[in-house]
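What follows is calculated from the coordinates using simple rules that are stated; it is not laboratory data. From a predicted model like this one, the values you see are computed outputs, not experimental measurements. Cβ placement follows ideal geometry from the backbone for every residue including glycine, while neighbour counts extend to all protein chains displayed.
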Amino acid sequence: MKKLLLLLISLTFLLFLWGATVRAFGAGMACPDWPLCYGQVLPPLDFLIFLEWGHRKLAALIGLLLLAFLVLVFKSRDARKQLGTLAIVSFFLLLLQVFMGALTVFHYNIPYSVSLHFGVGLFFLSTLVIMYRKLSPAVEATRSRGILLLSFFGLALCFVQILLGSYVASSHAGLVCPDFPACFGSFFPPLEGKIGLQMFHRYLAYALTLFVACFLLKASRERFPLKFRKLFLLLASITIIQVFLGIGNVVFELPYVLRVAHNGVATLLFLTFVTITYELSRLRLS
């Protein structure tokens, strides 16, 4: 069961990367109908059609594997008690994700539908990660009340930043400010239209980076075991990488590889916050 969950997590993360590739190449409307593609189950596969069609087929495979996982969970009394609620939530999130995927096609990939599609996907992936963590024993340690609240806040801040970044990308606002860190030489340009979107994304990135630094400083003052110290080191490393990827996207004018990497590392940052928050919630109060 744990191996199947790990496979689901890996394939769903791959689906995120594939979706980012679809968006980077502008292939979101390569199949203009849904659930078929040009009215066919297997359309002629040029590169752009293959990207969109393959994205849909990978999502379908994940759906089948999730159904198999649900069967395993509800066949076992212990697994049903431990994972049943989250398994059902993950199933309904997947159904909602399918609906949002169709909506993005019917609404011609307008920014709000793309961002909502991404957001629901993050919730779905989070349920898989939490179920995977639930199958491992909790660490014997204590925590302060404040560190958990900070972790929840960081998780929420990261989620909002990712949705805003998705909206920026799908609005084609990634290069409206061609310089960095200023925008046309100003740190506070008129915050209107696409420039406003881009600058709010940057401001929130600064805030999130500063928050992560403060959160890690707070965590360093508590006596956490090695497992948590590794998670905190991972959080710091991913945050630094993400900052450089964001800068690189502007400096090198949105190359495909950096755009997909920026999306993927953002997802990893969110999942790291999910893991830290969940594991902290399992600890006893000091």
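Fewest Cβ neighbours within 10 Å first, please rank 270, 244 accordingly.
244, 270
Based on Cβ point charges of +1 for Lys and Arg and -1 for Asp and Glu, what charge dipole magnitude is obtained for the stretch 137-286 about its Cα centre, in debye rounded to the nearest 20?
Around 720 debye, computed over the stretch 137-286.
Taking R0 as 25 Å, what FRET efficiency do you get between residue 191 and residue 247 from their Cβ-Cβ distance, rounded to the nearest 0.05?
Approximately 0.75, to the nearest 0.05.
Each residue of the stretch 31-38 in order: what ³J(HN,Hα) in whole Hz does its phi give by Karplus 6.51 cos²θ - 1.76 cosθ + 1.60, θ = phi - 60°, with x for Gly and Pro?
10, x, 10, 8, x, 7, 10, 6
Please give, to one decimal in nm, the separation of the simple spin-label points placed at residue 282 and residue 36, each 7 Å out from Cα toward the Cβ.
4.8 nm
How large is the helix-only mean residue ellipticity at 222 nm for the chain, computed as the sum of -39500 (n - 2.57) over DSSP H runs with n ≥ 4, divided by its residue count, in deg cm²/dmol to the nearest 500?
Calculated at 222 nm, the ellipticity per residue is -26500 deg cm²/dmol.
Pop a pseudo-label 7 angstrom from the Cα along the beta-carbon direction at both residue 180 and residue 234 and give the gap in nm to one decimal.
My value for the distance between the label points is 2.5 nm.
In terms of Cα to Cα distance under 19 Å, which lysines are near enough to residue 57, apart from those fewer than 8 places away along the same chain?
Result set, ordered by chain and number: empty.
If you take the alpha carbon radius of gyration of the stretch 201-286 and divide it by 2.2 N^0.38 Å, what ratio comes out, to two decimals?
Here the answer is 1.22, to two decimals.
Take the chain, connect every pair of alpha-carbon atoms lying under 10 Å apart with a spring to form a Gaussian network, then pick out the residue of 28, 165, 54 with the largest mean-square fluctuation.
54
Going by average Cβ neighbours within 10 Å, how do the peptides 226-232, 197-203 rank, with the highest at the top?
In descending order of packing, they fall as 197-203, 226-232.
R0 = 25 Å: FRET efficiency of residue 60 with residue 254, Cβ-based, nearest 0.05?
0.25
When only C-alpha pairs under 8 Å and at least 6 residues apart count, what is the relative contact order of the stretch 137-286, in percent?
Averaging sequence separation for qualifying contacts and normalising by length gives 42 percent for the stretch 137-286.
Which value, to two decimals, describes the C-alpha radius of gyration of the stretch 143-286 once divided by 2.2 N^0.38 Å?
Relative to the 2.2 N^0.38 Å estimate, the stretch 143-286 comes out at 1.13.
How long is the stretch 1-136 along each principal axis, judged by its Cα atoms, biggest number first, in Å?
46, 29, 20 Å, listed from the longest principal axis down.
Per 5 Å bin from zero, what fraction in whole % of the C-alpha pairs of the chain is there, up to the bin with the longest pair?
The percentages, shortest bin first, are 1, 5, 11, 15, 16, 15, 14, 11, 7, 3, 1, 0, 0.
Which lysines have a Cα less than 24 Å from the Cα of residue 75, not counting those fewer than 8 places away in the same chain?
Straight-distance partners of residue 75: 2, 3, 134.
Give me the dipole magnitude in Debye, nearest 20, for the chain about the Cα centre, with unit charges on the beta carbon: positive for Lys and Arg, negative for Asp and Glu.
So the dipole magnitude of the chain works out to roughly 1500 debye.
Springs between alpha-carbon pairs under 10 angstrom, Gaussian network model over the chain: which of 177, 214, 31 fluctuates most?
Checking each option, the largest mean-square fluctuation is seen for 214.
Within the stretch 24-88, report the trypsin sites (Lys or Arg not before Pro) that DSSP leaves as loop and that have at most 11 other Cβ atoms within 10 Å.
Qualifying residues, ordered by number: none.
Exposure proxy check: 160, 274 ranked by fewest other beta carbons within 10 Å?
160, 274
Give, in nm to one decimal, the length gained when the segment between residue 156 and residue 112 is fully stretched (0.36 nm per residue of separation minus the Cα-Cα distance).
Fully extending the segment from residue 156 to residue 112 adds 14.0 nm.
Using alpha carbons only, how many angstrom separate the centre of the stretch 3-56 from the centre of the stretch 224-284?
24 Å
What relative contact order, as a whole-number percentage, does the chain give when Cα pairs under 8 Å and 6 or more residues apart are counted?
24 percent
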